[in-house]
Amino acid sequence: MKKLIIAALVSGLILFIWQFISFAIVNIHSDTQQYSPNQDKILEFLDENLEEGFYFLPNAAPGENEMEAMEEAMGKPWAQVYFHKEMTNTMGFNLIRGFLIDIIAGGLMAWILLKMGNPSFQTALFSSLAVGIIGYLNFPYLNSIWYETPTKMDLVDAVMSWGLVGLWLGWWLRK
């Protein structure tokens, strides 16, 4: 149990540090957070016209034929909007939640590896990479198929973070 707890804590710390490097230091996700010189006008318009929520525009009104609406929208602009009425500063709480999720994810990876008996270094490394790539394929990449979002840097995050976790677990679990 002690080995699993240490594996989870250190793996969580590795994931958390990589996320900090990726988003705060190197900012490899800048293409998903672009600046618009019209942001004040856009936000004012959205605030006057939307309730808080997540929108896909254009979309069929309730009761309308979705296929007809899609056909009518072909060749025209479209957007996804994640709209909030008020920005809040919950950085501390979000960091704590993120770190706890990282510990849980690292602990689950370690638990899987420990269920294999005595996995080799290579098994720990490649299994961790596989988990990272599965996570990437299942959410960021799948969304990019439908919503044309950039995901190359999400793949970099998956490989780097879970590769580092795999290196750690390959060493630690073999002790």
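Name the pairs whose Cβ atoms lie under 7 Å apart, with the first residue in the stretch 47-60 and within 18 Å of residue 77 (Cα to Cα) and free of Cβ contacts under 8 Å to residues at least 24 places away in the same chain, the second open to solvent by 100 Å² or more (accessible area, probe 1.4 Å) and in a helix (DSSP H, G or I), and 6 or more positions between them or separate chains?
So the pair list comes out as 60/66.
In the stretch 138-155, how many residues are loosely packed, with under 14 Cβ neighbours inside 10 Å and farther than 19 Å from residue 77 by Cβ?
Residues that pass the stated criteria total 5.
Taking residue 158 and the conditions (1) modelled with pLDDT under 95; (2) crowded, with 17+ Cβ neighbours inside 10 Å, which numbered condition does it fall short on, given that it satisfies the others?
It fails just one condition, (1).
Exactly one of (1) under 25 Å from residue 147 (Cβ atoms); (2) under 19 Å from the mean Cα position of the chain (by Cα) is unmet by residue 45. Its number?
Exception for residue 45: condition (2).
From 120, 144, 127, grab the single residue that is small (Gly, Ala, Ser) and touching a Leu at 6+ places or on another chain (Cβ under 8 Å). Before the answer, list the steps.
Values: 120 fails: touching a Leu at 6+ places or on another chain (Cβ under 8 Å); 144 fails: touching a Leu at 6+ places or on another chain (Cβ under 8 Å).
Selected residue: 127, the only one of 120, 144, 127 that is small (Gly, Ala, Ser) and touching a Leu at 6+ places or on another chain (Cβ under 8 Å).
Within the stretch 141-161, is even one residue outside any loop (DSSP other than H, G, I, E, B) and touching a Lys or Arg at 6+ places or on another chain (Cβ under 9 Å)? Reasoning before the result, please.
Filtering the stretch 141-161 down to residues outside any loop (DSSP other than H, G, I, E, B) leaves 141-147, 152-161.
Filter again for touching a Lys or Arg at 6+ places or on another chain (Cβ under 9 Å), leaving none.
Within the stretch 141-161, none of the residues are outside any loop (DSSP other than H, G, I, E, B) and touching a Lys or Arg at 6+ places or on another chain (Cβ under 9 Å).
Check off (1) assigned to a helix (DSSP H, G or I); (2) under 24 Å from residue 55 (Cα atoms); (3) among the hydrophobic types (A, V, I, L, M, F, W, C); (4) touching a residue at least 12 places away in the same chain (Cβ under 8 Å) for residue 164 and give me the number that stays unchecked.
Exception for residue 164: condition (2).
Looking only at residues in the stretch 22-67 that are over 20 Å from residue 88 (Cα atoms) and among the aliphatic types (A, V, I, L, M), which one is most open to solvent (accessible area, probe 1.4 Å)?
The residue in question is 67.
Tell me which residues, restricted to the stretch 61-108, are closer than 23 Å to residue 47 by Cβ, assigned to a loop (DSSP other than H, G, I, E, B) and in contact (Cβ under 8 Å) with a residue 12 or more places away in the chain.
Passing the criteria: 78, 84, 85.
Which residues, counting only those in the stretch 75-95, are open to solvent by 100 Å² or more (accessible area, probe 1.4 Å) and closer than 23 Å to residue 157 by Cβ?
82, 91, 93
The values are calculated or read from the model by the stated rules, or taken from the named source; none is laboratory data. Bear in mind the structure is a predicted one, so any value in this text is a computation, not a measurement. A quick note on method: Cβ atoms are made from the backbone with ideal geometry, for glycine too, and the neighbour counts reach across all protein chains shown. Please note that ligands, DNA and RNA were not included when accessible areas were found on the heavy atoms of the full protein model with its side chains. Shrake-Rupley method; radii C 1.70, N 1.55, O 1.52, S 1.80 Å.
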